[in-house]
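The values are calculated or read from the model by the stated rules, or taken from the named source; none is laboratory data. Computed from a prediction, not measured in an experiment: that's the story for all the values here. Every residue, glycine among them, receives a Cβ derived from its backbone with ideal geometry; neighbour counts consider all protein chains shown. Heavy atoms of the whole protein, side chains included, go into the accessibility calculation; ligands, DNA and RNA do not. Shrake-Rupley method; radii C 1.70, N 1.55, O 1.52, S 1.80 Å.
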Amino acid sequence: MKSLFIIKYINLIIFAIIANIPKTVTDASSSVNLISLYNSNDKITVLTSQNFSSIVNQSGTAWLIEFYASWCGHCQSYANTYREIALDTWTWKKIVRVGALNCYAGKNEAVCRQYDIRGYPTLRLIPPGTSSDNTSKGIDIPAMNANAVEKGLIKELDKMHKKYKLWPYFTPVNRITFEELYSRIPPTVKVLLVIAEKRDDFTGRHIMLDFSQYREQIAICRTTTDGKLWHKFNINLADVPALFVIFRNGTAQRINIERNNNSNIDTGNLFNNAIRSFIHRTNFIDDFNDHDLEEVILRKNALKNAEKKQKVTENKTKTDEIGDNSTVYRKVNMVDLELALSYMFREEVPQMKDIQGKAYDALVQWLSVLTKYFPGRAPVMAYFQQLLLNVNKKPLGFSGSQFRDMVDMKISNAYLPNDHVQYQHCAGSAPQYRGYPCALWLLFHTLTVSQYQVGSQQINVTEVPLAIKNYIKYFFGCKQCRDNFMKETINISQLDSQNKHQAIIYLWKVHNNVNKRLQGQISEDPKHPKVQFPNRYLCTTCKSINNSQNNDDYDISKTIDFLLDYYSRKNIDISLISNKSRRVEELSSEQERLVSTAEYKAVKLQRVAYKNENLQHVEYRSEKLQHEEYKSEKLQNTKHKEEISQQVESTNSLMRILQHSSLYVLIASIIILVLFRRRFCKVKTNRYII
Ligand SMILES: Cc1cc2nc3c(=O)[nH]c(=O)nc-3n(C[C@H](O)[C@H](O)[C@H](O)COP(=O)(O)OP(=O)(O)OC[C@H]3O[C@@H](n4cnc5c(N)ncnc54)[C@H](O)[C@@H]3O)c2cc1C
């Protein structure tokens, strides 16, 4: 009875704690759903796990899809380029549509895994009618500038065009004669255009796609130097590409393309403009409407102006100061570290199709470093130990989705929380800013400092930096970031093994170089400008020159002291973690149901595992209570025993007395008996004598 009372008492305390969870802790999965780098103005279809199948699979057109992560700085920088591609190809929509999918939002990550997306941003061309169970994952188009992507796209469309009857016919018409031309096109066509160009030129195919929505009225074909038509037009190579209109009466007219020196206008656009003005001038096509093109031109201009404006804002002088009152930056937050770890193991690593060979080694290396140095709570550390054990049991590796199953292991006193909370230290002023990469940096610095603090006299200084580098190399989603990081850490294995601070300083320098490189980039949160770290509010004595952008202007020994303190266990804020742990909620509701002693014992065992959490004080109190109860019980027992033993003692002495007294009584009665007998005999004798 008393034990049940104690359980209820603990529950009350736990519920009181849970009820007081601050409002800042919200379900981040819902906020993540809102993040998209694009909207309907961009002529980009925003794809999700829900609409992907109905829009893309079994589609009558091909799809160019950008798989990205909204936290990825390079994806943010690339967004304007992708918008430009979408606008440039808007008139190709009967052949190919443009979409984007944020792998970081909602359940989209499953689609990204299905399409084997290894890094962000990835541009994939999905041919028409590719169902979701199709083994083909589409064709990668390198994510470069708009011109290069459009050329890559044209090349791929060209390779597959013969399969689709309604697509433009990209193959040069070199084997037929001029006279045969009209016999090869449908009778509805009113204008036949021929573009004469070099075989590898893209202008003709670009124009064919631009006017593909008018294919009933305008036919466009291309001819190259080695064909019969070429000779008919009698042009020389210096003149190409050249555009001709062929009339039904068998005559041809060359359309003059006004070339100017404006390098921003590419040849495709010049041809496009020339054709449109020819059609308007000649009224060959009555219902020709180029509103789409006009809209695209307007939007492209707006995009360019917005970019210019952004550059002006970016170029404004950046201050060195985050703000003295922003106390949040004075601490590292455990919420951020655990969120980064959760994303890393639940989403980022499983994104790899196969984790084998060097990638497997990198995973083992990373998990070993975490189990040794991550200053985490007991159940989180137990989780990593168990995960490392499970991974070690499969030395040949596993697939990404098998690893995902391993990550979801269910062990009561070992877990990696996936309660969705918002980033704290790494909260950005808009959803796309900061978040995961910021928390990743915090985790990396924390590990270098922790290794120094828990390590013995002799530490392996490259152990943590190499594990970090390999994690980035094999698993970090942001493609461009990992390429840059590989270059920036090329000399990582040459760290001075005699200097225990080397890893801390090395990572600090690399990070400051990244900060410098990214200053003014589109991924920079305007409320959190990229400055050299630590700024003077965080460390007044670290920097010899204020506002300096140079690592050399720091006093290294003071900076080391600062970093050791800033990334130490005691500077990690765990207040939000302790209040919100879902495990605690589960445990407390479970406790309510428990009546049997056996179940109670199980819960008690679980509670022992939480000793190092902030629940400690609750446990401590309950244990203290139990202890006190035990003590008082013991005291009572002792008293009781004493009473009994006293009683026994007194009974014993009584018995002893009784035993002794009965002896006396016996002797006395014998004496009395003897005396009585003697007297009785005397009387009797006397009577006889008489
Ligand atoms: C390995 C790696 C490589 C990256 N490469 C790129 C890239 O090439 N292109 C790109 O666009 N984005 C890149 N990113 C993301 C980018 O560096 C930032 O993480 C992101 O832009 C968010 O910036 P932030 O303002 O939140 O601060 P972050 O730079 O993420 O810093 C996080 C926190 O670390 C602390 N900090 C800052 N500087 C230092 C330092 N020198 N030493 C110790 N602590 C410090 C501060 O408390 C700061 O709040 C990379 C991220 C990582 C982890």
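Provide E258, E307 ordered by accessible surface of protein heavy atoms (probe 1.4 Å), highest first. Numbers along the way, then the final one.
Numbers: E258 155, E307 60 Å².
Largest accessible area first, the residues go E258, E307.
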Exercise. Over all Cα pairs of the stretch 358-406, how is the pair count split among 5 Å bins, expressed in % and running from 0 up to the last occupied bin?
Worked result: 5, 21, 31, 24, 13, 6, 0
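For the stretch 178-296, what does the alpha-carbon gyration tensor say about shape, rounded, prolate or oblate, given a ≥ b ≥ c as the root eigenvalues, a/c under 1.5 as rounded, and a/b over b/c as prolate? Please report the intermediate quantities before stating the final value.
On the way: a/c = 1.72, a/b = 1.04, b/c = 1.65.
Judged from the Cα gyration tensor, the stretch 178-296 comes out oblate (a/c at least 1.5, b/c at or above a/b).
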For this session: For I220, enumerate residues with amide H under 5 Å from its amide H, sequence gap 5+ or separate chain, H modeled in the peptide plane.
Result: L193
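Given Cα pairs under 8 Å that are at least 6 residues apart, what percent is the relative contact order of the stretch 45-163?
On the way: 170 pairs, mean separation 42.7, N = 119.
Reported relative contact order: 36 percent.
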Exercise. Just the accessible area for T177, please: 1.4 Å probe, Å², rounded to the nearest 10?
Worked result: 50 Å²
Exercise. With every protein chain present, what is the per residue accessible area of the stretch 332-570 (1.4 Å probe, Å²)?
Worked result: 41 Å²
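Can you sort M406, M144, M334 by solvent-accessible area, 1.4 Å probe, largest first?
Numbers: M406 25, M144 100, M334 5 Å².
Highest to lowest solvent-accessible surface, that is M144, M406, M334.
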For this session: Can you tell me the alpha carbon radius of gyration of the stretch 45-163 divided by the globular rule-of-thumb value 2.2 N^0.38 Å?
Result: 0.98
Exercise. Given the protein chains as shown and a 1.4 Å probe, how many square angstrom of T203 are accessible, to the nearest 10?
Worked result: 10 Å²
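From the protein chains alone at 1.4 Å, what is the descending order of accessible area for E150, E84, largest first? Intermediate results must be reported in sequence, preceding the final value.
Details: E150 10, E84 50 Å².
Output order, biggest surface exposure first: E84, E150.
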Exercise. What figure in square angstrom, to the nearest 10, would you give for the accessible area of V46 with a 1.4 Å probe?
Worked result: 60 Å²
Seminar exercise, completed: With a 1.4 angstrom probe the carbon and sulfur portion of accessible area for the stretch 45-163, in percent, totals 48 percent
Exercise. Taking only protein heavy atoms and a 1.4 Å probe, what accessible area per residue, in Å², does the stretch 178-296 have with all protein chains in place?
Worked result: 52 Å²
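Show me the ranking of peptides 291-298, 364-371 by mean Cβ neighbours inside 10 Å, starting with the highest. Intermediate values should be presented prior to the final figure.
Values: 291-298: 12.9, 364-371: 20.4.
Taking the mean over residues of other Cβ atoms within 10 Å, the ranking is 364-371, 291-298.
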